[in-house]
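S.K.: I am attaching a structure below and will ask some questions about it afterwards.
The values are calculated or read from the model by the stated rules, or taken from the named source; none is laboratory data. No experiment lies behind these values; they were computed from the predicted model shown. Positions of Cβ are backbone-derived with ideal geometry, glycine not excepted, and every protein chain shown enters the neighbour counts.
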Ligand SMILES: Cc1cc2nc3c(=O)[nH]c(=O)nc-3n(C[C@H](O)[C@H](O)[C@H](O)COP(=O)(O)OP(=O)(O)OC[C@H]3O[C@@H](n4cnc5c(N)ncnc54)[C@H](O)[C@@H]3O)c2cc1C
């Protein structure tokens, strides 16, 4: 059959998280025939939304990096630009307001010097160490921010980038195997301050500084003061909606309620997928935006997990899921000058324990349109293990949810007195909810190292051991977070572009 009559698509993407959608839009913009298959009703996965009684809640993410206007690390801005769509954003002046043990009450201001001043005011004896540590994070960021972030699996790109930016590349090679804890201890001795660096990492990597790769920290600790944290007007769900709009404009397709149950393998190569309803689609390349656990244990034949995936599972484990409270509350409850994002921890010992660190986002402080007039949204979430939520009757489950929710509300009351009395709406999601609606095994937030690893060196890229099958999203390099999975999407699309011989908007050769 000639290529023009061949019904085989170029690329099928399983899942419409930001990783999947960035891959899809990048490929569609280059002329590939792309089909995204999404099991849920709307796109976005962990960066989706839901509406109840006039409130529009973000499912998960709401502290958004990657919407800056300059440099190369603003990957969400770039992904939208590539398919000619734009998204208004609202600048967040403070990344996080920390409420920590020993009355450590610190705001991470967007203005770098202000943040340093706050921190140095608590630890004046560590001024030099603080400056040196964060300056080193800037070095990582400056390297990243001077090169195009594409596939590290593409040798010609690596060579070209090295020739154009030799110092930046050497800098990144140096930091790739390093973790934050080692760098921090080089400059800082104060135990409380090291614990602060731990939570600075934990609140997005969900592991302490010793296990957090320096590359990721360089990105977060510098970009928050450079491109900044910017909230998408209309809610986080807008990012996926806009990417879908761009995908369709560029000729790509997306189908909802299309749950892939099988990746079809012929002669050892991934050639298509089968849906729960039995429909079959074929493509030259298959990309899974499901987690690696879901991809290799549920979508492929049992007992056929490639050896390197088994090894990966021995190196990384699933991080816990979350208990999430989506709250509607009278606006009067929040004091003036309340910030959008808070981290609450009463005892350092509990930082990584279930129900230890409490994450809080109040996006209506940036975009009031997300709630009825006179009300705010509060999304409060804390780590929880799915094992603690299994095997119980429906009534036991409801009772446990209610008890856990009130424990969180009691903690919030200490920061926002009157919250209980001002409650207008409350919905509670558990690890079971995350597993069910986000299609993520055990509702996991993503992979975390089982033991201390050499930085990001062990994190897999997009190609897999199965020819024709790629992974994208938070279980590929460089990990969790919207800007990180967008990086993974750029890299995945780049590798497929080369593998399919796509350039200048045309498919040059077919295999
Ligand atoms: C509570 C919470 C708070 C967070 N806060 C932040 C934050 O503030 N900032 C930040 O940057 N990040 C945050 N994150 C992390 C961020 O949301 C994720 O890292 C990122 O969204 C993951 O994107 P992804 O593309 O890997 O996949 P996902 O978002 O998991 O999307 C995968 C998609 O694939 C679909 N799918 C799965 N299996 C199938 C199948 N078999 N067939 C068809 N479709 C399938 C799913 O339905 C889903 O839509 C948060 C996450 C959570 C849970």
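S.K.: State which residue is surrounded by the fewest Cβ atoms within 10 Å (Cβ to Cβ) when the search covers only region 117-146 and only residues that are closer than 22 Å to residue 213 by Cα and without any contact (Cβ under 8 Å) to a residue 24 or more places away in the chain.
M.R.: Applying the filter and picking the extreme gives 135.
S.K.: If a residue has to be within 21 Å of the chain's Cα centre (by Cα) and farther than 19 Å from residue 76 by Cβ to count, how many in region 139-152 make the cut?
M.R.: 2
S.K.: Pick from 315, 357, 364: which is within 14 Å of the ligand (Cβ to nearest atom) and either out of contact with any helix residue (DSSP H, G or I) (no Cβ under 8 Å at 6 or more places or on another chain) or closer than 30 Å to residue 87 by Cβ (or both)?
M.R.: The conditions single out 357.
S.K.: If residue 248 satisfies all but one of (1) free of Cβ contacts under 8 Å to residues at least 24 places away in the same chain; (2) closer than 18 Å to residue 479 by Cα, what's the number of the condition it fails?
M.R.: Here residue 248 clears every test but (2).
S.K.: Answer with yes or no whether residue 264 is within 16 Å of the ligand (Cβ to nearest atom), at pLDDT 95 or above and assigned to a strand (DSSP E or B).
M.R.: So residue 264 fits the description; yes.
S.K.: Working carefully through the options 331, 276, 290, find the one that is within 12 Å of the ligand (Cβ to nearest atom) and surrounded by 14 or more Cβ atoms within 10 Å (Cβ to Cβ).
M.R.: Just a single option satisfies the conditions, and that option is 290.
S.K.: Can you spot a residue in region 10-30 that is near the ligand (Cβ under 7 Å from one of its atoms) and over 18 Å from the mean Cα position of the chain (by Cα)?
M.R.: Checked region 10-30: no residue is near the ligand (Cβ under 7 Å from one of its atoms) and over 18 Å from the mean Cα position of the chain (by Cα).
S.K.: Could you tell me how many of the residues in region 467-491 are over 23 Å from residue 217 (Cβ atoms) and within 11 Å of the ligand (Cβ to nearest atom)?
M.R.: The total comes to 1.
S.K.: On to the next question. What are the residue pairs meeting all of these: first residue in region 444-458, first residue without any contact (Cβ under 8 Å) to a residue 40 or more places away in the chain and within 15 Å of residue 206 (Cβ to Cβ), second residue within 16 Å of the ligand (Cβ to nearest atom) and assigned to a loop (DSSP other than H, G, I, E, B), Cβ atoms under 8 Å, and 6 or more apart or on different chains?
M.R.: none
S.K.: So, residue 31, is that one within 23 Å of residue 144 (Cα to Cα) and either in the same structural domain as residue 122 (by the TED database) or surrounded by fewer than 23 Cβ atoms within 10 Å (Cβ to Cβ) (or both) or not?
M.R.: no
S.K.: Which of (1) at positive phi; (2) near the ligand (Cβ under 9 Å from one of its atoms) does residue 58 not meet, given it meets every other one?
M.R.: Every condition holds for residue 58 apart from (1).
S.K.: List every residue pair whose Cβ atoms sit under 6 Å apart, with the two residues 6 or more apart in sequence or on different chains, where the first one lies in region 369-393 and is in a loop (DSSP other than H, G, I, E, B) and the second, anywhere, is modelled with pLDDT under 95.
M.R.: Qualifying pairs under 6 Å: none.
S.K.: Has region 251-258 got at least one residue that is more than 16 Å from the ligand (Cβ to nearest atom), assigned by the TED database to the domain that holds residue 23 and modelled with pLDDT of 95 or more?
M.R.: Yes, region 251-258 contains a residue that is more than 16 Å from the ligand (Cβ to nearest atom), assigned by the TED database to the domain that holds residue 23 and modelled with pLDDT of 95 or more.
S.K.: Of these, 326, 282, which one is closer than 27 Å to residue 201 by Cβ and either outside the structural domain of residue 432 (by the TED database) or buried (at least 20 other Cβ atoms within 10 Å of the Cβ) (or both)?
M.R.: Only one candidate passes the filter, namely 326.
S.K.: As an exercise: evaluate residue 459 against (1) more than 9 Å from the ligand (Cβ to nearest atom); (2) closer than 13 Å to residue 216 by Cα; (3) touching a helix residue (DSSP H, G or I) at 6+ places or on another chain (Cβ under 7 Å) and give the number of the one condition it does not meet.
M.R.: Unmet condition: (3).
S.K.: Just checking, how many residues over region 293-317 are closer than 15 Å to residue 269 by Cα and surrounded by fewer than 17 Cβ atoms within 10 Å (Cβ to Cβ)?
M.R.: Matching residues across region 293-317 total 3.
S.K.: Right, next: Of all residues in region 460-504, count the ones that are in a loop (DSSP other than H, G, I, E, B) and over 20 Å from the mean Cα position of the chain (by Cα).
M.R.: Looking only at that region, the number is 7.
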